[in-house]
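The values are calculated or read from the model by the stated rules, or taken from the named source; none is laboratory data. Quantities reported herein were computed from a predicted structural model and do not represent experimental measurements. Using ideal geometry, Cβ is built from the backbone for each residue, glycine included, and neighbour counts are taken over all protein chains shown. With ligands, DNA and RNA removed, areas are computed over all heavy atoms of the protein, side chains included. Shrake-Rupley method; radii C 1.70, N 1.55, O 1.52, S 1.80 Å.
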Amino acid sequence: MAQVNGRLAVLTGGGDCPGLNAVIRAVVKTALKNGYEIYGIENGFNGLITGTMKLMDYQSVSGILPRGGTILGTTNRDNPFHFAVEENGKYVFYDKRDEVVKNLRDRQIEALVVIGGDGSLNIAAKLAAECNVNVVGVPKTIDNDLQCTERTFGFDTAMAMATEALDRLHTTAESHHRVMALEVMGRYAGWIALHSGIAGGADVILLPEIPYDINSVIRKIEERRKAGKKFSIIVVAEGAKPIGGELSVARVVEGSFEPLRLGGAGEKLVREIENRTGIESRCTVLGYLQRGGSPTAFDRVLSTRYGVAAAEACIRKEYNVMVSLQNDRIVTEPIAKVASKPRLVPVDSEIIRTGRQMGLCFGD
């Protein structure tokens with residue numbers, strides 16, 4: 001029987017994202033190659049609380065590199081420090097940290113790889129600080145809004161999907177002489193809207209970081225019509241809001257990492273444009289199409305690099321860090337630092353300046 005050098009575990013938390021399976025594959029294969037056993041924890045932190053986990057082998061990760069989603073399952077609700085249980089039609093919250101620690105110790109798991117966004121990494125940082133759990137984080141989110149890394153995996157795929165949608169909207173907007181808006185994800189950060197808007201030839205890009213003036217948007221549309229261009233394309237981040245206005249909240253989900261579910265910013269915008277200009281205006285909400293499907297080649301490579309680096313950090317016992325992309329190198333950063341606050345688009349950044357030089361309107 002081969003000697004076991006140690007035991008690791010891996011989970012995926014929060015929303016699904018293209019590239020999750022590529023990270024899992026890389027973590028598992030690197031661990032096995034170095035003589036470690038590795039458990040796959042099912043359904044995010046829920047599996048950590050309930051002890052639902054399984055030993056992984058090479059066959060477990062065979063053929064999953066191009067697959068979207070996560071073979072382990074995930075949830076964005078089950079915070080072990082604030083675990084929601086429905087009792088008599090109401091949610092009651094319990095602290096389940098002791099169950100988490102017991103399930104890890106019973107299986108002699110030395111370190112936990114947490115693949116997630118800010119919510120999951122905040123929980124990982126708290127497990128490290130308050131429960132002495134050894135963790136290594138991997139930055140996952142299509143929103144690209146995590147501190148200390150230049151790129152999260154999943155962003156490139158989401159951006160490519162949004163760009164393709166804009167290419168398709170161009171033809172119908174031009175044919176019908178309409179204003180067409182595309183609402184994209186990103187929560188409080190405008191990275192998807194900004195990059196896809198530039199790549200997809202948008203005329204107006206509305207970001208959470210730059211509250212917009214509807215008059216500025218309408219001026220841009222009218223300038224185009226006077227120049228003989230009878231259609232306009234607008235990209236709206238779901239977290240965009242008018243100056244002095246409120247976020248567009250679709251619903252509130254109690255017990256979730258993200259209780260405020262944003263949505264409706266694009267529809268609100270096109271209604272106002274049509275009412276004020278008389279120009280037929282439509283909004284398409286791209287929604288979960290940005291999070292599904294096969295990852296791009298860039299995201300497959302980045303995910304694999306992250307997974308290998310996370311397993312290597314565990315093997316050399318460098319704990320309570322997140323693997324990070326900086327200057328095209330994978331490095332580590334303290335996980336408590338990473339989970340502190342979201343990384344927003346700098347309003348004075350070079351890419352914003354690029355857009356302005358191209359004549360784009362940012363609503364200000």
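Quick look at the values:
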quantity	calculated
Cβ pairs under 7 Å, 6+ apart, first in the stretch 216-234 and free of Cβ contacts under 8 Å to residues at least 40 places away in the same chain, second small (Gly, Ala, Ser)	Arg224/Ser232
Hey, Gly47 free of Cβ contacts under 8 Å to residues at least 40 places away in the same chain, in a loop (DSSP other than H, G, I, E, B), more than 17 Å from the chain's Cα centre (by Cα) and more than 18 Å from Ala311 (Cα to Cα) or not	no
Residues of the stretch 299-318 satisfying the condition of being open to solvent by 10 Å² or more (accessible area, probe 1.4 Å) and in contact with a helix residue (DSSP H, G or I) (Cβ under 7 Å, 6 or more places away or on another chain)	Arg300, Thr304, Val308, Glu312
Close pairs from the stretch 104-117: first closer than 16 Å to Ala26 by Cβ, partner surrounded by fewer than 21 Cβ atoms within 10 Å (Cβ to Cβ) and among the small types (Gly, Ala, Ser), Cβ under 9 Å, at least 6 apart	Ala111/Gly6
Residue in the stretch 62-77 that is outside any loop (DSSP other than H, G, I, E, B) and open to solvent by less than 40 Å² (accessible area, probe 1.4 Å) present	no
Residues satisfying the stated conditions in the stretch 78-112, i.e. farther than 15 Å from Lys126 by Cβ, in contact with a Lys or Arg (Cβ under 7 Å, 6 or more places away or on another chain), part of a loop (DSSP other than H, G, I, E, B) and not acidic (Asp, Glu)	Arg107, Gln108, Ile109
Hits in the stretch 316-360 (condition: out of contact with any Ser or Thr (no Cβ under 8 Å at 6 or more places or on another chain) and assigned to a helix (DSSP H, G or I))	Ile335, Ala336, Lys337, Glu350, Ile351, Ile352, Arg353, Thr354, Gly355, Arg356, Gln357
